[in-house]
Amino acid sequence: MPILTFLFRKKKEPSAAMRRQQELLADLRDTKCRLDAARNFFESVSDPDLVSAAVYQIDALQAQYCYLLIQAKKHKVDAQSLLRQ
């Protein structure tokens, strides 16, 4: 019987705090990826209008990333999770 109990037991639902931490980590990873892409775009363009657009995009993404870091600290996101990005 213990095997059947193991196979059919319900999975624990993550707490609201854990879900928020997971969302923050996902948002941080996504923003970091987008920031890297914007920096690569900046390096590859020479047209002044595109350079300006890239600079604005980088500034916006850096502000978003800083905000997410502050939220991660506020919600006690594990620093090791951030380092594994």
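Some points to look at:
- Considered as a group, the residues in segment 46-66 that are among the aliphatic types (A, V, I, L, M) and more than 30 Å from Leu24 (Cβ to Cβ) include one that is least open to solvent (accessible area, probe 1.4 Å), and that residue is Val51.
- Looking only at segment 20-45, and only at residues there that are among the aliphatic types (A, V, I, L, M) and free of Cβ contacts under 8 Å to residues at least 40 places away in the same chain, the one that is surrounded by the most Cβ atoms within 10 Å (Cβ to Cβ): Ala38
- Here the helices (runs of 4 or more DSSP H) wholly within segment 11-83 that include at least 3 residues being among the aromatic types (Phe, Trp, Tyr) and out of contact with any Asp or Glu (no Cβ under 6 Å at 6 or more places or on another chain) are 48-74.
The values are calculated or read from the model by the stated rules, or taken from the named source; none is laboratory data. As the structure is a prediction and not an experimental result, all values here were calculated from the model. Because the Cβ atoms are built from the backbone with ideal geometry, glycine has one as well, and the counts that use them run over all protein chains shown. Surface areas here come from the heavy atoms of the whole protein model, side chains and all, with no ligands, DNA or RNA. Shrake-Rupley method; radii C 1.70, N 1.55, O 1.52, S 1.80 Å.
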